[in-house]
Amino acid sequence: MRVFIIAAMSADGFIARSASEATTAWTSPDDKKRFVGLTRQAGALVMGRKTFETFGRRPLKGRDLFVYSRQSGAGTWPDQPSLPDGPGTVSWTNLPPAGLVRELSARGYRELAVCGGAEIYSQFLEAGLVDELCLTVE
């Protein structure tokens, strides 16, 4: 399975202006187009709960989203039910990165886009799972 990090960052190394701001609020139209293209091609995305919240806590059309959460019962969300597997779904996980990659590969996914935040990027990098960095400098 090809695993890649996709991120936009400022020239001085930040991946967001604030923790609560939408991750795409400060990026260019070209970056948004690139994000959609690469993540739709991958089909599977992983991100942390805080990053997911900046996306509006919703599925992304045509993509299966796997959200890391430390909350007990990672398969559920307090005020939003988990959605079944399939195009445009949201699933919750607390598997270690290597375990998640094995699970997704066994399900037939060929690519995984790691979409942040910084802690999730670090976990996948430290596990030696990242094949490519797709960075946009804004």
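The values are calculated or read from the model by the stated rules, or taken from the named source; none is laboratory data. Keep in mind that what you see is a predicted model, and the values were worked out from it rather than measured. Note: ideal-geometry Cβ built from the backbone for every residue, glycine included; neighbour counts use all protein chains shown. Accessible surface is based on the protein model in full, side chains and every heavy atom, while ligands, DNA and RNA are left aside. Shrake-Rupley method; radii C 1.70, N 1.55, O 1.52, S 1.80 Å.
Per-structure values
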quantity	calculated
Residues satisfying the stated conditions in segment 61-96, i.e. outside any strand (DSSP E or B), at pLDDT 90 or above and open to solvent by less than 20 Å² (accessible area, probe 1.4 Å)	R63
Residue in segment 98-110 that is in a strand (DSSP E or B) and under 18 Å from P59 (Cα atoms) present	no
Those residues of segment 33-55 which are in a loop (DSSP other than H, G, I, E, B) and at pLDDT 90 or above, in sequence order	G43
Given (1) surrounded by 12 or more Cβ atoms within 10 Å (Cβ to Cβ); (2) at pLDDT 95 or above, index of the condition T136 fails	(2)
R58 vs. criteria open to solvent by 30 Å² or more (accessible area, probe 1.4 Å) and at pLDDT below 85	yes
Looking only at segment 106-129, and only at residues there that are touching a Gly at 6+ places or on another chain (Cβ under 8 Å) and within 14 Å of I15 (Cβ to Cβ), the one that is most open to solvent (accessible area, probe 1.4 Å)	E119
